[in-house]
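All of the numbers you see were taken from the coordinates with simple rules; none came from a lab. Values in this document were obtained by computation on a predicted structure and should not be read as measured data. Neighbour counts run over all protein chains shown; Cβ positions are idealised from the backbone, glycine included.
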Ligand SMILES: Nc1nc2c(ncn2[C@@H]2O[C@H](COP(=O)(O)OP(=O)(O)OP(=O)(O)O)[C@@H](O)[C@H]2O)c(=O)[nH]1
Ligand SMILES: [Mg+2]
């Protein structure tokens, strides 16, 4: 699973990336700090099922801290987009090719209203303006790609299928294409779509294939609440999360130095015995106030909302011993796998290993010990043994 971080320049995309991945990347108060993409791994969190069995898990593909499973996903941060990027303005939009294969997008904007859509400082800008601009540039980016293949697609016996094949690198499927054409009441004629229709189709395909959440960042800055409300009014309250990447990054750094104990997503932290300098203690006091006021930084919430909300994922634990919930080496609940809601035991087998899937016989429920068919639909937190003739 790949999540793309996109937005206008100077909104805090790289700060968010750094908070998520704890990787050091370039962050600065001017536009176009990021040129080449930053790629990394971060984690979504879910309640681990270890407690249910009274066991302590020994994760291999993930981590488990205090009963919370941290399941890895890939994340990418790219250069800032500006108006006219599709015509080559700013860094252009070619770099968006790096997020073509993303499953969803975190669209970062500046809730403090102190940077305009080109990333230049201002006093009271409306962040909804840069969200609109970014969505439009992303649609233009996809449209320009579709236009390049339009002749060939339109001449095909089945243009819908040809378009889906052509756009497979964008993780756009036949279902996305069919739904987009249906929603727009559109057909692809032999002579191809007009430029305007191609843009409408691209915008609809983006909406369907790259769901996004708006990270209303810099919400630690006093007065940002009104801008968050403007964003919610335009894009819906469930699409907008007010967050503070810089605060989360500072807390994670203090934690990695052993200065504080802080759980991701928490609205407080504790000082540890390592001790902080006077300067660090003063900063931490300010951060503590922000955490209290905002009920946390809401950074981890963004990721969980994207993966479990937008992408409708569930967590499933494959095991080899359905009684002990272990792998063949005795590791308890070694893997936690993210699957789309509606996935079957066969999909789980595919995620574990294609050979195991090819020779899969059936599965066994780790709780009821019932035999499950290959097309049995899994649910969140299932513990499942796959029985396969593959060795
Ligand atoms: N107050 C506040 N400042 C932030 C926050 N997140 C980022 N910033 C600041 O915003 C500026 C831009 O941050 P970056 O992470 O480099 O922004 P970007 O969107 O990656 O910028 P480009 O790569 O240039 O497009 C830096 O000065 C950050 O310290 C936040 O949550 N609160
Ligand atoms: Mg950046």
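So what are the stretch 245-295's ellipsoid semi-axes, whole angstrom, largest first, if each one is the square root of 5 times an eigenvalue of the alpha-carbon gyration tensor?
Semi-axes (√(5λ), whole Å): 16, 12, 10.
So what does log10 I(q)/I(0) come out to for the stretch 315-388 at q = 0.13 Å⁻¹, using the Debye formula with one equal point on every Cα and no solvent?
Cα-only, vacuum Debye calculation for the stretch 315-388: -0.29.
When the chain is fully extended, how far beyond the present Cα-Cα distance does residue 377 get from residue 120, taking 0.36 nm per residue of separation?
Values: separation 257, 0.36 × 257 = 92.52 nm, distance 5.00 nm.
Full extension of this stretch gives 87.5 nm more.
Which three extents, in whole angstrom, do the alpha-carbon atoms of the stretch 253-390 cover along their principal axes, largest first?
Principal-axis extents of the stretch 253-390 (Cα, largest first): 63, 34, 26 Å.
Given the options 116, 77, 312, state which has the largest fluctuation in a GNM of the chain using a 10 Å cut-off (strictly under) for Cα springs.
The residue that fluctuates most here is 312.
Work out Dmax and Rg for the stretch 1-102 from the C-alpha atoms and quote the Rg first, both in angstrom.
17.4, 59
Compare the peptides 290-296, 124-130 by average per-residue count of other Cβ atoms within 10 angstrom and give them in order, highest first.
With the highest mean Cβ count within 10 Å placed first, the list reads 124-130, 290-296.
Report the calculated FRET efficiency for residue 226 and residue 52 (r = Cβ-Cβ distance, R0 = 41 Å), to the nearest 0.05.
The value I calculate is 0.35.
Beta carbons within 10 angstrom, averaged per residue: use that to sort the peptides 82-91, 186-195, 8-17, 235-244, highest first.
Descending packing order for the listed peptides: 8-17, 235-244, 82-91, 186-195.
Based on alpha-carbon centroids, what's the gap between the stretch 340-391 and the stretch 1-53 in Å, whole number please?
Using only Cα atoms, the two centres lie 32 Å from each other.
Over all pairs of distinct alpha carbons, what does the Kirkwood formula give as the hydrodynamic radius of the stretch 7-55, in Å?
Result for the stretch 7-55 stands at 13.1 Å.
Suppose each label sits 7 Å from its Cα in the direction of the beta carbon; what would the residue 132-residue 358 distance come out to in nanometres?
In this crude label model, residue 132 to residue 358 measures out at 5.4 nm.
Given the chain, what whole percent of its Cα pairs are spread farther than 27 Å?
Values: 42889 of 76245 pairs.
Cα-Cα pairs of the chain separated by over 27 Å account for 56 percent.
Could you tell me the largest-minus-smallest coordinate of the C-alpha atoms of the stretch 66-218 on each of the three principal axes, in descending order and whole angstroms?
Answer, in whole Å and largest first: 52, 45, 25 Å.
Looking only at the stretch 254-268, which residues have a backbone nitrogen under 18 Å from a spot 7 Å from the Cα of residue 277 in the C-beta direction?
Zone members listed by number: 254-260.
With springs only between Cα atoms under 10 Å, which of 176, 353, 376 fluctuates most in a Gaussian network model of the chain?
353
Most fluctuating residue of 213, 99, 259 in a GNM of the chain with Cα springs under 10 Å: which is it?
Highest fluctuation of the listed residues: 259.
Tell me, what is the FRET efficiency for residue 329 and residue 257 to the nearest 0.05, using R0 = 51 angstrom and their Cβ-Cβ distance as r?
Working: r = 35 Å, r/R0 = 0.68.
Taking R0 as 51 Å, the efficiency between residue 329 and residue 257 is 0.90.
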